[in-house]
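Inspection log for the structure reproduced underneath, given as structure tokens.
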Amino acid sequence: MVYGCFVAEQQNVWALILKKIGTLGEASLFVFFIQWYVYLIGIYSLREHVVASWAWPAYFLASIAFIAASGLMWTRYGCNRLLTVGYGRTWILGRPSTASGLELRPS
């Protein structure tokens with residue numbers, strides 16, 4: 001296991017994993033909502049129709065894959081702009097500014 005971690009570190013596998021996790025973190029509000037609907041509507045409604053208890057791990061893994069793919073697509077297409085409150089940038093060219101874009105002057 002330690003050797004596997006060492007090889008993964010040498011191949012920059014951790015950087016790729018952390019990048020994907022960070023991307024899901026950027027879409028965390030959307031991921032929260034989508035997982036709520038997937039588990040409440042999708043999985044919960046299937047409990048009456050799936051009698052084989054051995055199939056539940058497969059449904060769980062499929063739901064994780066769907067939620068992760070949805071979060072990655074949400075970030076890829078820049079949909080976080082749809083969930084903003086409309087504040088402007090607070091730093092322009094390394095200097096603090098107001099939401100309206102006017103430059104702040106020290107007093």
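Nothing in this text is a laboratory measurement; each read-out follows from the coordinates by a stated rule. Bear in mind that the values here come from a model prediction, so they are computed numbers and not experimental data.
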Kindly identify segment 20-59 as rounded, prolate or oblate by the Cα gyration tensor criterion: order the square roots of the eigenvalues as a ≥ b ≥ c, call it rounded if a/c is under 1.5, otherwise compare a/b with b/c, prolate if a/b is larger, else oblate.
-> oblate
Please turn the phi angles of segment 36-43 into ³J(HN,Hα) values with the Karplus equation 6.51 cos²θ - 1.76 cosθ + 1.60 (θ = phi - 60°), one per residue in order, whole Hz, x for glycine and proline.
-> 5, 5, 4, 7, 6, 8, x, 6
Does segment 28-86 come out rounded, prolate or oblate by the C-alpha gyration tensor, with a ≥ b ≥ c the root eigenvalues, rounded set by a/c under 1.5 and, if not, prolate when a/b is larger than b/c and oblate if not?
-> prolate
Karplus-derived HN-Hα couplings along segment 58-73 (A = 6.51, B = -1.76, C = 1.60, θ = phi - 60°), whole Hz, x at Gly and Pro | 5, 5, 5, 5, 5, 5, 5, 4, 5, 5, 5, 5, 5, x, 5, 5
